[in-house]
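Novice: Have a look at the structure that comes next, please.
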Amino acid sequence: MANDATPPVQERRGPAEPLPASEAPFDAIGLARYLLRSVRSGALATIDATDGTPFASLVTIATDVDGTPLMLMSRLSAHTRNLDKDPRASLLFSVGGKGDPLAHPRLTVTGRATRTDEKRVRERFLARHPKAKLYADFPDFGFFALTPAAGHLNGGFAKAATLTPQELLLDMAGAEAIVAGERGAVEHMNADHADALALYAAGAGEPGTGWRLTGLDPEGLDLMAGERTARVPYPEPVRDMGALRKTLVAMAAAARAAGAEAPLPHPET
């Protein structure tokens, strides 16, 4: 007897596509923001001003308070000339590490890179790259900010997600006091609370001494010790200097309760 059963149709699958960050089965937004805040150099891709060829180069990176990537570049560089003609660009953030390079998380941010004379940008960049003070004021150097259009995160094997600008950057509405008071708080913490900064870094998995605060924002602290970096998130976001002070005191107290000793921080308001 003939078998009239029709064999199942094999579904043709297309190439796998990353999920939106809001649907990813891991904290894609948190990981992307961690990479933005932790990586101090990356690959900048621009469009060649003469023939449109993709052009990749190495640049140093910092972030503005909301997470916008910042760069300091010479107008003599090819990538600067490219951006002056076409501001479209992308930045690759990768922490690297031992073993297979593709097993470590990385983030590509696409957008438009434009010049900025914002004083805060200069302060935040030089806090992250103090050696750049030697040439930052040369007449041919200038600061650029990359306004994100999208993000593409690869968090390791089977971890990929796309991000919107709103997911990459912080919403700064209501946090104006944090922006205004940041530099004073950073200077005070570095001058008077180096021990507390070491506790915060250790709590983020980066033990050792010599840590200094380079910047802060509504979600966390950015620390450096030599070439090492540490991103220290708060237990909850803060929107004003009073909440920041209480949070830092509580974080230091929690670290002391865990067995370490350090004076309680008191960032100036």
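The values are calculated or read from the model by the stated rules, or taken from the named source; none is laboratory data. Just so we're clear, the structure is a prediction, and the values are computed from it rather than from any experiment. Using ideal geometry, Cβ is built from the backbone for each residue, glycine included, and neighbour counts are taken over all protein chains shown. These area figures cover heavy atoms from the full protein model, side chains too; ligands, DNA and RNA do not enter into them. Shrake-Rupley method; radii C 1.70, N 1.55, O 1.52, S 1.80 Å.
Novice: When the residues of segment 198-218 are filtered to those that are within 22 Å of Ala32 (Cβ to Cβ) and in contact with a helix residue (DSSP H, G or I) (Cβ under 7 Å, 6 or more places away or on another chain), which remaining residue is modelled with the lowest pLDDT?
Specialist: Gly203
Novice: Please work out which residue is most open to solvent (accessible area, probe 1.4 Å), limiting yourself to segment 196-215 and to residues that are in a strand (DSSP E or B) and without any contact (Cβ under 8 Å) to a residue 40 or more places away in the chain.
Specialist: By that ranking, first place goes to Arg212.
Novice: So Ala191 fits all but one of (1) among the hydrophobic types (A, V, I, L, M, F, W, C); (2) crowded, with 16+ Cβ neighbours inside 10 Å; (3) in a helix (DSSP H, G or I); what number is the exception?
Specialist: Condition (2) is where Ala191 drops out.
Novice: Suppose we filter segment 25-56 for residues that are closer than 26 Å to Asp84 by Cα and of a type in the set (Phe, Trp, Tyr); how many remain?
Specialist: So the count comes out to 1.
Novice: Could you grab me the full set of residues in segment 139-152 that are part of a strand (DSSP E or B) and either of a type outside the set (Ser, Thr, Tyr) or at pLDDT below 95 (or both)?
Specialist: Phe141, Gly142, Phe143, Phe144, Ala145, Leu146, Pro148, Ala149, Ala150, Gly151, His152 - these are the residues of segment 139-152 that are part of a strand (DSSP E or B) and either of a type outside the set (Ser, Thr, Tyr) or at pLDDT below 95 (or both).
Novice: Exactly one of these conditions fails for Gly155: (1) modelled with pLDDT of 95 or more; (2) of a type in the set (Gly, Ala, Ser); (3) surrounded by 15 or more Cβ atoms within 10 Å (Cβ to Cβ). Give me its number.
Specialist: Result: Gly155 passes all but (1).
Novice: Continuing with the same structure: Within segment 99-118, can you find the residues that are under 16 Å from Gly67 (Cα atoms) and either among the hydroxyl-bearing types (Ser, Thr, Tyr) or surrounded by fewer than 16 Cβ atoms within 10 Å (Cβ to Cβ) (or both)?
Specialist: Matches in segment 99-118: Thr108, Thr110, Arg112, Thr114, Thr116, Glu118.
Novice: For Leu163, are the conditions met, namely being open to solvent by less than 70 Å² (accessible area, probe 1.4 Å), of a type in the set (A, V, I, L, M, F, W, C) and touching a Leu at 6+ places or on another chain (Cβ under 8 Å)?
Specialist: Taking the combined requirement at face value, the residue satisfies it.
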